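Have a look at the structure below, then the notes.
Rule-based calculations on the coordinates, nothing more; no lab input. Worth saying up front: this structure is predicted, and the values here are computed from it rather than measured. All Cβ positions, even for glycine, are placed from backbone atoms using ideal geometry, and neighbour counts span all protein chains on display.
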Amino acid sequence: MKLRENKFKGKLNKLAEKLNKSIDIDKRLVFYDIEGSLAHCKMLFKQNIINEADYKNITEGLIEIKNDLLNGKLKVDESFEDIHSYIEGELTKRKGESGKKIHTARSRNDQVAVDMKMYCKDKNKEIIKLLKNLIENIIIIGQKNLNTIMPGYTHLQIAQPVTFSHYILSYAQMFLRDIKRLKNSYDLMDENPLGSCALSTTTYNIDRFMTSELLNFKKPTENSMDSVSDRDYVIEMSFCIAMIMMHLSRFCEEIILYSSNEFKFIKLSDEFTTGSSIMPQKKNPDMAELIRGKSARCYGNLISLLTMMKALPMTYAKDMQEDKEILFDSIDTAQISIEVFSSMISSMQINKERMKENALEGFINATDLADYLVKKNMPFRDAYRIVGEIVHDAMEKNLKLNDIKLSDYKKYSKLFDEDLYSAIDLNNIVEQRKVYGSPQKDFVKIQIDNLKNEVKNI
Ligand code: ARG
């Protein structure tokens with residue numbers, strides 16, 4: 001079915017035809033298009049808009065097309081403008097007059113919207129599943145490292161000791177929010193636009209509640225004009241993905257840093273590193289770098305979609321055809337990135353000794369030394385100043401806080417006593433933080449239990 005058959009005398013310019021076409025991209029929607037048509041056809045029959053013979057022919061034709069595509073007997077003919085005109089054309093080729101009736105009380109405008117919503121809903125669920133798996137993998141690593149001391153950083157400067165468990169679980173929290181964001185957007189997109197037709201519904205007595213049920217939507221959309229011009233759900237998917245990629249990218253940045261010779265906190269498995277063509281010693285964290293790099297295109301995709309929509313008058317405009325290539329790219333990128341990342345961290349080795357060693361550097365226990373004085377009733381600001389002096393002097397003498405003798409400590413304050421050394425011991429520092437949400441292991445265990453529960457109930 002070539003859509004220009006009657007009213008246009010001249011043929012479409014060759015290049016214009018190329019620009020106009022979207023089938024090479026939207027053929028991905030083919031099974032959603034068939035599913036939508038099957039539901040539409042069933043509804044047309046129930047409402048006495050088409051007769052039983054047409055209903056049977058159309059249904060049979062669509063199922064045949066679906067099966068032929070699935071078993072490779074049929075290939076999408078890319079000479080058509082888009083997937084919608086192709087399916088209608090193929091149906092008409094097979095079922096003649098009946099096939100020509102499928103587009104009764106429908107427009108490509110509501111057709112493309114319903115196809116895209118069904119596609120987004122499925123992908124939304126798939127991405128949630130991948131994120132769940134990622135969180136589960138993080139939890140496994142977390143459980144093995146409840147006592148693994150590592151330096152915590154601010155400004156990438158050594159700050160206070162934490163555990164590797166608490167550190168890595170911080171990402172699980174981000175991914176859990178990403179899941180919730182996806183679920184929220186799923187909920188918003190779960191309304192069926194089919195039956196809105198071009199923009200103002202139709203004079204046929206269609207039943208939009210029936211197609212909603214058949215296509216597994218919560219309900220029909222409320223406003224036909226909104227239905228054919230809304231692309232919020234595409235943008236939201238793209239935003240959710242941009243956020244996931246941002247989280248992955250930060251994580252990747254740390255994987256890259258922590259696997260470097262300078263840190264040596266972790267070692268990536270050979271499966272996820274590559275060599276250099278010239279430097280025989282190299283083991284490069286390419287996967288982490290690529291995922292970090294790919295976050296950029298996902299941000300770009302989000303901005304492209306927002307910009308594409310920003311000045312479109314109601315209702316449909318062909319600009320919207322551009323949404324697919326952009327969204328598909330974000331979805332593909334997110335899916336492979338999450339999956340690769342998940343396996344990459346599950347197979348990495350964690351160098352506990354090195355992390356502990358590193359944590360001893362940089363006066364990581366200075367805050368706790370000040371708190372020691374505060375607990376002996378010194379105002380915090382005074383304690384802060386005194387410890388500042390101690391750190392300054394220790395730096396000059398190349399000493400760590402643990403190396404300074406008690407007699408020397410006493411020169412700074414009489415409040416110092418033998419127990420100061422246990423107060424600034426790294427294990428104790430973490431152990432004493434008995435606060436909800438802290439790196440202390442009992443609280444990390446609570447964190448893990450809560451995470452597991454949340455993930456289970458998603
Ligand atoms: N290929 C089109 C798209 O993806 C389908 C809708 C076409 N509608 C129209 N009125 N030209 O947006």
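Give me the percent relative contact order of the stretch 380-458, please, defined on Cα pairs under 8 angstrom at least 6 residues apart.
Relative contact order for the stretch 380-458 comes out at 14 percent.
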Trypsin sites (Lys or Arg not before Pro) lying in DSSP loop within the stretch 409-458, provided at most 15 other Cβ fall within 10 Å: Lys414, Lys434
Signed unit charges on C-beta, dipole axis of the chain, positive-most listed residue Asn133, Pro379, His166: Asn133
Relative contact order computed over the chain (Cα-Cα under 8 Å; 6+ residues apart), in percent: 16 percent
Ratio of the Cα radius of gyration of the stretch 293-364 to 2.2 N^0.38 Å, where N counts its residues: 1.90
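If a helix is a whole DSSP H run, which ones in the chain reach 15 Å or further along their own axis (Cα) and hold a mean Kyte-Doolittle hydropathy of at least -0.5?
Helix filter hits for the chain: 30-46, 52-70, 108-144, 164-189, 232-258, 286-309, 323-346, 380-397.
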Spatial extent of the chain: Rg and Dmax, with the Cα atoms as the point set, Å: 30.5, 101
At q = 0.13, 0.17, 0.19 Å⁻¹, base-10 log of I(q)/I(0) for the stretch 227-352 (Debye sum, equal scatterers on each alpha carbon): -0.61, -0.83, -0.96
Cα-based shape type of the stretch 377-458, given that a ≥ b ≥ c are square roots of the gyration tensor eigenvalues and the cut on a/c is 1.5: prolate
Computed FRET value (nearest 0.05) for Asp319 with Glu396, which takes r as the C-beta separation and R₀ as 56 Å: 0.25
Rg and Dmax [Cα atoms of the stretch 254-309; Å; Rg one decimal, Dmax integer]: 15.7, 50
The stretch 315-446: projected area of the alpha-carbon convex hull, averaged over directions, in nm²: 15.4 nm²
Bins of 5 Å, starting at 0 and running to the largest distance - Cα pair percent for the stretch 26-136: 2, 12, 21, 21, 18, 11, 7, 4, 3, 1, 0
Loop GluC sites (Glu not before Pro), the stretch 237-303, which have at most 12 other Cβ atoms in a 10 Å radius of their Cβ (DSSP): Glu262
Neighbour-limited loop hits for trypsin sites (Lys or Arg not before Pro), the stretch 6-48 (at most 11 other Cβ within 10 Å; DSSP other than H, G, I, E, B): Lys7, Lys9, Lys11
Length-normalised contact order of the stretch 276-408 in % [C-alpha pairs under 8 Å, at least 6 apart]: 17 percent
